[in-house]
1. Considering only residues that are buried (at least 16 other Cβ atoms within 10 Å of the Cβ) and in a helix (DSSP H, G or I), which ones fall in the stretch 368-395?
2. With respect to Gly240, is the statement that it is assigned by TED's automatic domain parsing to the domain that holds Ser318, exposed (fewer than 15 other Cβ atoms within 10 Å of the Cβ) and of a type outside the set (Val, Ile, Thr) true?
3. Kindly list, by first and then second residue, each pair from a residue in the stretch 290-302 that is under 14 Å from Glu190 (Cβ atoms) and in the same structural domain as Thr207 (by TED's automatic domain parsing) to a residue that is β-branched (Val, Ile, Thr) and away from the ligand (no atom under 13 Å from the Cβ), limited to pairs with Cβ atoms under 9 Å and residues at least 6 apart or on different chains.
4. I'm told Phe327 meets every condition in (1) within 16 Å of the ligand (Cβ to nearest atom); (2) in a helix (DSSP H, G or I); (3) among the aromatic types (Phe, Trp, Tyr); (4) more than 21 Å from the chain's Cα centre (by Cα) except one. Can you identify the failing condition by its number?
5. Out of (1) within 16 Å of the ligand (Cβ to nearest atom); (2) touching a strand residue (DSSP E or B) at 6+ places or on another chain (Cβ under 8 Å); (3) not in a loop (DSSP other than H, G, I, E, B), what's the single condition that is false for Gln343?
6. Checking Ile243 against (1) among the aliphatic types (A, V, I, L, M); (2) under 26 Å from the mean Cα position of the chain (by Cα); (3) closer than 21 Å to Gly341 by Cβ: exactly one of these is not met. Which one?
7. Determine if the stretch 273-282 includes at least one residue that is touching a residue at least 24 places away in the same chain (Cβ under 8 Å) and touching an Asp or Glu at 6+ places or on another chain (Cβ under 8 Å).
8. Quick one: would you say Ser154 is more than 30 Å from Glu302 (Cβ to Cβ), more than 17 Å from the chain's Cα centre (by Cα) and crowded, with 16+ Cβ neighbours inside 10 Å?
Amino acid sequence: MRKNTHFFVFTLLASIFLGCSDDADSYKPNYLPTIDATTLPAENKPMTMFEDDESPSKMYDKTDRWFRVNEPLQVIQKGKDSVQISLYSPVGLTNVKIYAKLPNYDKKFVIYTFSKIPAFHRSFHKLPLTEKANDYLLETGSTVTIEKIEGFSSGAIQFSVESDDPLFQKFKKIKSNHLVQFHDGYHINELGKFLPMNPALAKEAITMIINYSYALSHPLYYSTFTNFDKYKQEQAAAAGTGINGALNWHGNADDVDGVYDYYSKEEIEKIYWNYLDKRTVWMAMVGGDSAWGGGNLASQWESGYVTGHWVGEMSVWSHEYSHHIGFSHSSNLANSGEGGGQQGMLTDFYKYLIHLNDLPFTDPDVLKTYAKTKYVTGTYKKPVFKIDPKNPFLVKYKGEGKWN
Ligand SMILES: [Zn+2]
């Protein structure tokens, strides 16, 4: 049985809703229509972000283009009565419900339902609350009628997103909330060492960072990272040798005669979460003799963005991202030397996820950047992934371990 609740809001900042509730077997809620974002009228200002021929100045505008890796579908209030929705994903979503939570009402309700949101879509939508009284579906399945509210101060409404789309279900598992932006200062100040990117490359970078953030969040990765000593032992056993180099994760102090500054179990746990925290990463592209990372910066070559990540070549990215987290070449969290560190382990793990089809995006044809000769300088073929039968994750888990 559904109940309908009717709320009257007298002022913008009213802290109490006065209302009446009636048995509503007879009440037929009149919800707002479902929106198909592929066919929006001009008043919604629909657009596709990162169109190949869009001016790169747009992607480098950090106030306009940014997202958190765990929220590729971003909902931001604009002014007192509108929202902007932006999807930072190379694949669209279906069946999306956007919930709103008002400061003075404790239940979440559906404010927009989208049948479709295409890849890299952006549009603007009037808050229906500011237009007239409407019925809204509550999270609980009941109905609430909310009277017209004149407007909202910025940040007053909390938005959240739900969808049964399998892609969205993968987004939901991402535990990292790193903020992604593109920064043009590197190539402006040191052209050659760094190169300008374009929207075609930015789309690949976004695709890669979502996949990478999913991989870091994966339970198999967490268990391997937090038991790296065991991983090292297994590698040594498989090779029939003693453990090569460090036994476990260690810090930035230089090794003195095999004496490493090993981290404690607690420190390793904390470091894992540093990789997934809310810091900002500025993605950039290198052109010189080496890639760079540190502070906000993490960069790699065009080939890494265009084809490398699709076949799991994540070694450079893992290395630069570790500089961004704070590790130098003397630590095996950044360096692959000293018997293998995170670079190699992450790369093998990432390839195993591609093999399992357990990443948000595994089909390079969603972007086909390898064929966009106008937007890349290298010569590329369609990347084709093949798992090495000796991949340590394949050897150990034998096709098991998919994140369900
Ligand atoms: Zn380095």
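1. Listed by number, the residues that qualify are Thr369, Tyr370, Pro392, Phe393, Leu394.
2. Yes: the conditions hold for Gly240.
3. Filtered contacts from the stretch 290-302: Leu297/Val281.
4. (2) is the only condition that Phe327 fails.
5. (2)
6. (2)
7. No, the stretch 273-282 has no match at all.
8. Judged against the criteria, Ser154 is not a match.
The values are calculated or read from the model by the stated rules, or taken from the named source; none is laboratory data. Only a predicted model underlies this, so the values are computations on that prediction, with no experimental measurement involved. Note that each Cβ is placed from the backbone with ideal geometry, even for glycine, and that neighbours are counted across all protein chains shown.
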